[in-house]
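Asker: Here it is: the structure, laid out below.
The values are calculated or read from the model by the stated rules, or taken from the named source; none is laboratory data. Computed from a predicted model, the values in this text were never measured in an experiment. Here the Cβ positions follow ideal geometry from the backbone for every residue, glycine too, while neighbour counts run over all protein chains shown. Note: areas computed on protein heavy atoms with side chains; ligands, DNA, RNA excluded. Shrake-Rupley method; radii C 1.70, N 1.55, O 1.52, S 1.80 Å.
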Amino acid sequence: MKNEEYSQEKFDFIEKLASELHEMQDLLRDRENIKVEYEKEMSQRIRMEEESHKIRTSLEEQLAGYGAEVERLRAELQREIGERQLIEEEFHKIRSSLEQQLAERGAEFNRITADRERILQVWTQMLDDTRNRLMGGSHDSDKEPSTKNIQFEFPAPAAKVVSVVGDFNNWNADADPMEKDKEGVWKTSMSLKPGRYEYRFFVDGNWENDPACSSCMPNTFGSSNCVRIV
């Protein structure tokens, strides 16, 4: 009886031990499966980190390339701006030189025209004197031609400085300043010998024609001069 009980206890122990062994084996298999899954997950994470590093490196390289391109474009823009400024300065110099040349040529043309007018008047007077002498005329022709008092007027109530400029004063804007009356009309008078005169008004630094004059002649500046016969 005792042997049977012992045998039964032994069998139960062995069976329990076998059951625990099976449980341990199952636990080991589960742990192995967990280890494999963990290794897979770690491998995926490593691959993801490597891919992320590659992407980040590529983006950094692209950004560096874009930065270099931006700097190149900025330098190119600054160079073009500098070239444009040089071109504008050169153009301004050329324009100023041309304007100065035109002004000098215009003044020279006006001087030559005035000289020709004076020479023509002298020759006309000499011809008249010669004709009078040949015809037995009086000696009054030897006298200087009489002068006439000529009035110049220009309405400009808001103007500050006005002068009349023409052949009679060698186109000197400072030679004959005018005075403004109560009605805002600028006036002056001068004694002129008989002849043909071209003139304009110089109003606050700008050239203006006589609104009361209907006879004009083109000048070398693309505008016209007023003409008055004395």
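Asker: What residue, of Gln8, Gln78, Gln25, Gln85, is more than 60 Å from the chain's Cα centre (by Cα), open to solvent by 90 Å² or more (accessible area, probe 1.4 Å), farther than 30 Å from Asn172 by Cα and free of Cβ contacts under 8 Å to residues at least 24 places away in the same chain?
Answerer: Working: Gln78 fails: more than 60 Å from the chain's Cα centre (by Cα); Gln25 fails: open to solvent by 90 Å² or more (accessible area, probe 1.4 Å); Gln85 fails: more than 60 Å from the chain's Cα centre (by Cα).
Gln8 is the lone residue from the list that is more than 60 Å from the chain's Cα centre (by Cα), open to solvent by 90 Å² or more (accessible area, probe 1.4 Å), farther than 30 Å from Asn172 by Cα and free of Cβ contacts under 8 Å to residues at least 24 places away in the same chain.
Asker: Of all strands (runs of 3 or more DSSP E) completely enclosed by the stretch 142-230, which ones contain at least 2 residues that are modelled with pLDDT of 95 or more?
Answerer: Numbers: elements: 148-155, 162-166, 185-192, 196-203, 206-208, 216-218, 224-229.
Per the criteria, 148-155, 162-166, 185-192, 196-203, 206-208, 224-229.
Asker: Let me ask something else about it. Return the pair list, or none, for Cβ contacts closer than 6 Å from residues in the stretch 212-229 that are touching a residue at least 24 places away in the same chain (Cβ under 8 Å) to residues that are open to solvent by 60 Å² or more (accessible area, probe 1.4 Å) and not in a strand (DSSP E or B), at least 6 apart or on different chains.
Answerer: As it stands, the answer is Thr220/Phe109, since those pairs meet every condition given.
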